[in-house]
């Protein structure tokens, strides 16, 4: 099938996500290998986004492909009521890398339904009905997960599920409380404590949080925040759910982002890097106290493809690749280079208001005015910046749906220094154009 026919059929039969479909003119991609993807015209693009922040081990990994092939030849599918090797082995393999006593797993198809089931478990266990989430957050596009989501995409599906309360985030560059870290004494954490008091802790089953805000602009929390949040939850008998879907599996330079602050959540959700997106799979990691309690009750959760044998085989191989190729360590090493270079880019460009990163998870926030921090308008300018990136062979999409505009750098963990610098040089070059859009 040639590129024109692929695009014609796509336009006729496919409903794309997060898009005005009538306005789309999708590029046809015909191959992917390592940190690169290739279009039908033969152009190569450095994948600086790991597609949807998920292809952590890079494209076309032979070990994962072989594991999928071997499992397909053995067993393609079994009822979830049976025990089988790939799911049992995956549970064991995950328990060896997850923090604390998170050693039992409920498998899902992806991240959104992992979050859906995590809040069910929280409600089953606590017998309480409310969930506290944060405004700058994205937890998925299914109905419950979108209600948990704090950013403006949530409003298009409202009213959502009942009992979800939102609070303000830690965000030092744009502090909602007008304070400066560390003199602020973590007013953002005190805010959570106050919201919990007003909502009545006896009604709150859990707080769900992205350890590092992902789709909202890649915003790491200040040191001390996560420890304070853990303490607030523990003191009020509220569960802490860590949404590690985007940041888990080495993205931040640790297996899981919560490990940066030595905090163990009660429930932890994962997907994306679990299989490096080679096949759909998500999971809820469950602490021992919760799993022991739920073992005695009917679990009213079910998915036809929960723990699909082939997806589990892909995940086992993916975990082995992380270890064998030292990808967690590579994320730390490359992450240090990324942090240094982002600061240099910030200092060279008036359009960059803030540079932030943790591991291979970084962002440059684009502003119209550095002094006022007025954001550059993504609806006006994202398309042109994306066009210029692609023309230079870089896939690093700037999204148009957030109130702030960020260039997000999230390459596969297999990237080497030369490739990382290649992508950053293109960003540096294109931001020269973005400088012309500022008040300066």
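Quick check on segment 394-401. Is at least one of its residues touching a strand residue (DSSP E or B) at 6+ places or on another chain (Cβ under 9 Å), over 25 Å from residue 327 (Cβ atoms) and either outside the structural domain of residue 253 (by TED's automatic domain parsing) or surrounded by fewer than 21 Cβ atoms within 10 Å (Cβ to Cβ) (or both)?
yes
Would you pick out the residues in segment 70-79 that are surrounded by fewer than 17 Cβ atoms within 10 Å (Cβ to Cβ) and in contact with a helix residue (DSSP H, G or I) (Cβ under 9 Å, 6 or more places away or on another chain)?
Passing the criteria: 70, 72, 74, 75, 76, 77, 78.
Looking at 121, 177 in this structure, which one is closer than 21 Å to residue 196 by Cβ, assigned to a helix (DSSP H, G or I) and at pLDDT 95 or above?
121
Name the residues in segment 185-202 that are without any contact (Cβ under 8 Å) to a residue 24 or more places away in the chain, under 22 Å from residue 224 (Cβ atoms) and outside any helix (DSSP H, G or I), would you?
185 - this is the single residue of segment 185-202 that is without any contact (Cβ under 8 Å) to a residue 24 or more places away in the chain, under 22 Å from residue 224 (Cβ atoms) and outside any helix (DSSP H, G or I).
Looking only at residues in segment 145-173 that are crowded, with 16+ Cβ neighbours inside 10 Å and assigned to a helix (DSSP H, G or I), which one is farthest from the chain's Cα centre (by Cα)?
Top of the filtered list is 172.
Take residue 128 and tell me if it is within 30 Å of residue 168 (Cβ to Cβ) and in contact (Cβ under 8 Å) with a residue 60 or more places away in the chain.
Judged against the criteria, residue 128 is a match.
Which count do you get for residues in segment 111-129 that are surrounded by fewer than 23 Cβ atoms within 10 Å (Cβ to Cβ) and either closer than 11 Å to residue 307 by Cα or in contact with a strand residue (DSSP E or B) (Cβ under 6 Å, 6 or more places away or on another chain) (or both)?
The total comes to 3.
Write out, first by first residue and then by second, each pair whose Cβ atoms fall under 6 Å of each other, whose residues are 6+ apart or on separate chains, and whose first residue, in segment 404-423, is closer than 15 Å to residue 389 by Cα and in the same structural domain as residue 173 (by TED's automatic domain parsing) while the second is surrounded by fewer than 23 Cβ atoms within 10 Å (Cβ to Cβ) and modelled with pLDDT of 95 or more.
From residues that are closer than 15 Å to residue 389 by Cα and in the same structural domain as residue 173 (by TED's automatic domain parsing), there are no pairs.
To keep it simple, each residue is scored yes or no on (1) touching a strand residue (DSSP E or B) at 6+ places or on another chain (Cβ under 8 Å); (2) free of Cβ contacts under 8 Å to residues at least 40 places away in the same chain; (3) under 19 Å from residue 305 (Cβ atoms).
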residue	(1), (2), (3)
1	no, yes, no
35	yes, no, no
38	yes, yes, no
79	no, yes, yes
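State yes or no: is residue 346 under 16 Å from residue 173 (Cα atoms) and not assigned by TED's automatic domain parsing to the domain that holds residue 217?
For residue 346, the condition - under 16 Å from residue 173 (Cα atoms) and not assigned by TED's automatic domain parsing to the domain that holds residue 217 - is met.
Does residue 420 qualify as being out of contact with any strand residue (DSSP E or B) (no Cβ under 6 Å at 6 or more places or on another chain) and farther than 21 Å from residue 272 by Cβ?
No.
Would you mind listing the strands (runs of 3 or more DSSP E) fully within segment 203-309 where at least 3 residues are within 23 Å of residue 90 (Cα to Cα)?
It comes to 239-243, 267-270, 282-287.
Any chance you could count how many residues in segment 134-160 are at pLDDT 95 or above and over 20 Å from residue 18 (Cβ atoms)?
1
From the list 250, 224, 178, 214, pick out the single residue that is crowded, with 22+ Cβ neighbours inside 10 Å and at positive phi.
Going through 250, 224, 178, 214 in turn, the sole match is 250.
Give segment 1-43 a look and list any residue that's loosely packed, with under 12 Cβ neighbours inside 10 Å and out of contact with any helix residue (DSSP H, G or I) (no Cβ under 9 Å at 6 or more places or on another chain), or say none.
Within segment 1-43, 2, 4, 5, 9, 12, 13, 17, 19, 20, 22, 23, 42 meet the criteria.
Given the criteria within 18 Å of residue 217 (Cα to Cα) and over 17 Å from the mean Cα position of the chain (by Cα), does residue 385 qualify?
When the stated conditions are applied, residue 385 passes them.
The values are calculated or read from the model by the stated rules, or taken from the named source; none is laboratory data. Please read all numbers here as calculations on a predicted model, not as lab measurements. Every residue, glycine as well, gets a Cβ built from its backbone with ideal geometry; the counts of neighbours run over all protein chains shown.
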